[in-house]
Amino acid sequence: MTYLQRLYGKIEAAARLDADEALRLYREADLLSLGRLAHGVRNRLHPSPVVTYVVDRNINYTNVCVSGCLFCAYYRAKEAPDAYVITRDALGRKIEETLALGGTQILLQGGMHPDLDLDWCLDLLRFIKTHFDIHIHGFSPTEINCLARNSGIGVPEVLERLVAAGLGSIPGGGAEILVDAVRRRISPNKCSASDWLHVMRCAHTIGLKTTATMMFGHVESDRDIISHLLRIRELQDETGGFTAFIPWSFQPLNTRIQVPPATAVDYLRVLATSRLVLDNVPNLQASWVTQGDKIAQLALTFGANDMGSTMIEENVVAAAGIHFRLPKDEMIRLIESAGYRPVQRTYRYTPVHPEPGP
């Protein structure tokens with residue numbers, strides 16, 4: 001029996017992979033074997049033939065950011081002619097349209113704007129909750145870390161104030177690769193990996209559910225990818241607060257990192273490895289935004305059980321030249337044609353429309 005065959009048996013026995021095993025598997029296993037194993041884990045965690053999705057809208061409340069990440073094509077300097085901060089009227093119209101399309105939440109994110117302090121963010125949340133019945137999935141750990149630093153108070157208090165004003169859960173943005181040597185190269189002004197994890201730990205401690213992400217395909221190594229996955233797994237062991245993991249491939253167009261874009265094979269290999277390593281994170285999301293609908297559909301046989309958001313609006317990836325769109329009826333068609341039953345979900349991955357009991 002070869003080393004890889006022993007690893008395959010270990011996975012099929014639901015045993016946990018260590019760092020060296022995960023790295024060998026990622027580097028050496030053939031793609032179809034990885035897919036088969038990841039699909040087996042997916043079926044073990046989610047035996048029903050269901051694929052979930054959420055109807056929501058990505059709302060970027062500003063494109064001004066002082067982080068200066070080399071991989072971002074969306075941010076602008078404060079003085080740029082196309083810099084903006086969203087108005088209440090514009091925000092209200094976007095939410096009204098989201099609700100009219102059956103949306104249940106908004107993904108609210110912005111950059112590190114030097115003039116938008118914690119009080120501004122609290123007022124924004126209160127405006128939304130006063131006027132609309134919608135869940136707010138917002139403010140990435142990098143934004144929260146910045147708010148805490150600029151306000152001179154700790155992350156726990158910032159989170160408590162945000163929750164009191166209406167924040168319902170936190171997206172996993174700003175993770176990129178949770179290895180500081182990588183982060184210093186691609187986003188030197190952004191918080192450290194430990195700071196990102198600290199925000200998530202604090203959020204989980206007060207009962208906030210969050211997602212986790214990984215952006216790969218830029219300057220990271222194979223070992224960095226595995227290290228990222230293990231740091232997520234370790235925190236999940238501690239808190240159990242992550243609802244899902246979303247890996248997505250870096251899109252280099254219009255950015256300051258010039259590398260060939262990751263291929264569909266690269267994406268499926270990372271996706272499957274993520275499902276095999278993250279044995280304690282319940283949901284794995286397909287990234288149709290960067291891969292397109294056909295590869296996202298294929299991802300459902302490589303470990304993914306969720307198709308993510310219909311994304312009524314998406315700006316950041318679009319700024320890098322990627323313009324895939326997937327309205328709700330098309331999302332449903334893709335899931336059904338892959339052999340699954342589509343179920344619209346909430347941020348907690350529970351059905352929006354529960355099936356009636358007996």
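Every number here is computed from the coordinates shown, using simple stated rules; none is lab data. A quick note: this is a predicted structure, and the numbers were derived from the prediction, not measured. All Cβ positions, glycine included, derive from the backbone under ideal geometry; neighbour counts span all protein chains shown.
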message: If each residue of separation counts as 0.36 nm, what is the full-extension length gain between A100 and A19 once their alpha-carbon separation is subtracted?
response: 24.5 nm
task: With +1 on each Lys and Arg Cβ and -1 on each Asp and Glu Cβ, and nothing else charged, work out how big the dipole of region 19-344 is about its Cα centre, in Debye to the nearest 20.
output: 340 debye
Backbone HN-Hα couplings from phi across region 245-257 [Karplus 6.51/-1.76/1.60, Hz, Gly and Pro as x]: 10, 10, x, 9, 8, 4, 10, x, 4, 6, 10, 9, 10
Farthest toward positive dipole pole in region 19-344 [+1 Lys/Arg, -1 Asp/Glu at C-beta], among G111, G166, F216: F216
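Semi-axes of region 233-301's equivalent ellipsoid from the Cα gyration tensor, sqrt of 5 times each eigenvalue, largest first, rounded to whole Å?
Values: eigenvalues 120, 45, 20 Å².
Rounded to whole Å, the semi-axes are 24, 15, 10.
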message: Can you sort W288, W120 from fewest to most other Cβ atoms within 10 Å of each residue's own Cβ?
response: W120, W288
- line: the chain, Gaussian network, Cα under 10 Å: of H131, H218, H228, the residue fluctuating most is H131
message: Restricted to Cα positions, what overall size does region 67-182 have along the principal axes? Three whole-Å values, descending.
response: 44, 35, 26
message: Using only the alpha-carbon atoms, how far is helix 31-45 inclined from the longest principal axis of the chain? Give it as 0 to 90 degrees, nearest 10.
response: 70 degrees
field: Per-residue HN-Hα couplings for region 64-77 [Karplus 6.51, -1.76, 1.60; θ = phi - 60°; Hz; x = Gly/Pro]
entry: 7, 7, 9, 5, x, 4, 5, 8, 9, 9, 9, 5, 9, 6
query: For region 1-143, what is the convex hull (Cα atoms) projected area averaged across all directions, in square nanometres?
result: 13.1 nm²
- prompt: If one takes the longest principal axis of the Cα atoms in the chain, at what angle in degrees, from 0 to 90 and to the nearest 10, does the Cα axis of helix 328-337 lie?
  reply: 0 degrees
statement: Relative contact order as a percentage, region 63-118, C-alpha pairs under 8 Å and 6+ apart, gives 48 percent
- prompt: Between N60, N283, N43, which gets the highest mean-square fluctuation from a Gaussian network model of the chain, Cα cutoff 10 Å?
  reply: N43
- request: Give me D195, D266 ranked fewest to most by other Cβ atoms within 10 Å of their Cβ, as a rough exposure proxy.
  value: D266, D195
task: For the chain, with a Gaussian network of springs between Cα atoms less than 10 Å apart, report the residue from G111, G303, G207 with the top mean-square fluctuation.
output: G207
query: Between H135 and residues 5 or more places away or on another chain, which pairs have amide H atoms under 5 Å apart, with H built 1.01 Å from N, and which residues are they?
result: Q105, I106
field: Between region 1-76 and region 207-264, the alpha-carbon center distance in angstrom
entry: 9 Å
message: Helix-only mean residue ellipticity at 222 nm, the chain, DSSP H runs n ≥ 4 weighted -39,500 (n - 2.57), per residue, nearest 500. What is it?
response: -13500 deg cm²/dmol
message: Could you list S227, S221, S287 so that the one with the fewest beta carbons within 10 Å of its beta carbon is first and the one with the most is last?
response: S221, S227, S287
message: With angles folded into 0 to 90 degrees, how steeply does helix 88-100 sit against the dominant principal axis of the chain? Use alpha carbons for both and round to 10.
response: 40 degrees
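Would you mind working out the magnitude of the charge dipole of region 161-307 relative to its Cα centre, with +1 at each Lys and Arg C-beta and -1 at each Asp and Glu C-beta, to the nearest 20 Debye?
The dipole of region 161-307 has a size of about 300 debye.
What is the calculated FRET efficiency for N43 to E79, with r their C-beta to C-beta distance and R₀ = 45 Å, to the nearest 0.05? Each step should come with its number before you reach the end.
Numbers: r = 53 Å, r/R0 = 1.18.
E between N43 and E79, to the nearest 0.05, is 0.25.
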statement: Under the Karplus relation with 6.51, -1.76 and 1.60 and θ = phi - 60°, whole-Hz ³J(HN,Hα) for region 144-155, x at Gly and Pro, equal 5, 4, 5, 4, 5, 5, 6, 8, x, 10, x, 4
field: Cut-off under 5 Å, modelled amide H: who pairs with D56 long-range
entry: T310, M311, I312
